[in-house]
Every structure is written in structure tokens, then in C-alpha cells.
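Structure record follows, encoded as C-alpha cells.
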């Protein structure tokens with residue numbers, strides 16, 4: 001414990017923290033290229049998030065959700081970690097903190113979206129924003145637990161959905177589209 005006395009002027013208040021919350025990119029990361037990851041990181045910086053979490057899905061989770069073939073989990077995880085190192089070297093200290101979540105790698109099996117969201121809500125600071133593709137957002141809206149989760153978190157979609165799920169349309173005030181602006 002540090003026992004040094006610190007003096008501050010009368011009425012001093014520490015400056016408010018201008019970054020808060022967590023943005024989670026919940027995706028397979030099969031088709032998401034480095035430019036899309038950089039856009040997600042820029043969106044997190046622009047919106048003032050304290051942390052950007054990349055959450056890659058295990059092959060079993062993808063198989064149950066979409067039936068599409070994907071690269072092995074560890075190959076996608078290694079690619080994300082490499083991107084993270086490059087991003088941190090390029091952006092330096094002022095960049096948003098990036099974490100690569102390894103929950104599905106520890107489980108090594110299908111992880112329901114409910115279990116993943118519970119873990120993310122417990123492990124990372126709130127408010128929690130999920131960055132999803134329109135297809136994943138429509139799929140999330142089709143789950144029975146969607147209405148339970150949409151009041152606890154917000155969605156940030158990578159682009160405008162062409163035909164949103166009826167529940168997604170009903171909760172349009174709880175999601176937003178990430179704006180593509182030039183730097």
C-alpha cells in the first residue's frame with residue numbers, strides 16, 4: 001500500500017473518464033478482412049469505447065448456426081491475434097484496448113449465444129454493444145431469448161439490413177448502423 005501523502009488543490013475533482021463500455025465483434029471471422037476489423041476498431045474509437053473484444057466462434061457453434069464450413073478455430077484465432085499485434089503497433093498507446101476472447105476455444109464445443117452473452121456481460125465493463133453483420137443480427141433476433149437480451153445490450157450493425165427480422169424491426173430503437181466516414 002502506498003502511504004505517501006498527495007496534496008491537491010481545494011475542490012479538485014479527477015477528470016471524468018471519457019471512454020466507457022465494451023464493443024464486442026461476435027463473428028466467425030472467416031470472411032471478415034483486415035479492413036473490416038480496422039473499421040470496427042475505428043468505430044470503437046469514434047464512439048469512445050474503453051475496450052474492443054473480438055469474439056471468434058468455434059466450428060461447432062458455426063455449424064449449428066449457419067451450416068457453412070469455416071477454417072479451424074485456432075487458425076482464425078491466430079489471425080486475429082496477429083491483427084491485434086499489428087493494430088497495437090500501428091496505433092500506439094492512444095488506441096482503444098483490443099482483446100481476443102478465447103471462451104469458445106476453452107470449451108471446444110458448441111456455445112449457445114446466451115452463454116456467450118452471459119460471459120461477456122460478466123467479464124467486461126458495461127454498457128455492452130454487439131457489433132454484428134445484418135445476417136447474424138437477423139439470426140439473433142430469431143432466438144427465443146432475443147427480447148431478454150435486447151434490453152440489456154445494444155446492437156451495432158456493420159451495414160443496413162435489407163430485410164430485418166420482425167423482432168429486429170420492432171426493437172429498431174436498440175440498434176444502430178456503424179457509419180462509414182472518411183478519415
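Couple of notes before you dig in:
- Separation of alpha-carbon centers, segment 61-136 and segment 31-59, rounded to whole Å: 9
- Ellipsoid semi-axes for segment 27-97, based on the Cα gyration tensor and the rule √(5λ), read 25, 13, 9 Å when sorted largest first.
- Listing 45, 160, 104 from fewest to most neighbouring C-beta atoms within 10 Å gives 160, 45, 104.
- Cα pair count fraction exceeding 28 Å, expressed as % - the chain: 28
- Arranged from fewest to most other beta-carbon atoms within 10 Å of their beta carbon, 27, 34 become 34, 27.
- Taking all Cα pairs closer than 8 Å and separated by 6 or more residues, the relative contact order of segment 76-167 comes to 24 percent.
Every number here is computed from the coordinates shown, using simple stated rules; none is lab data. No experiment lies behind these values; they were computed from the predicted model shown. Heads up, the Cβs are rebuilt from the backbone with ideal geometry, glycines too, and the neighbour counts pull from every protein chain shown.
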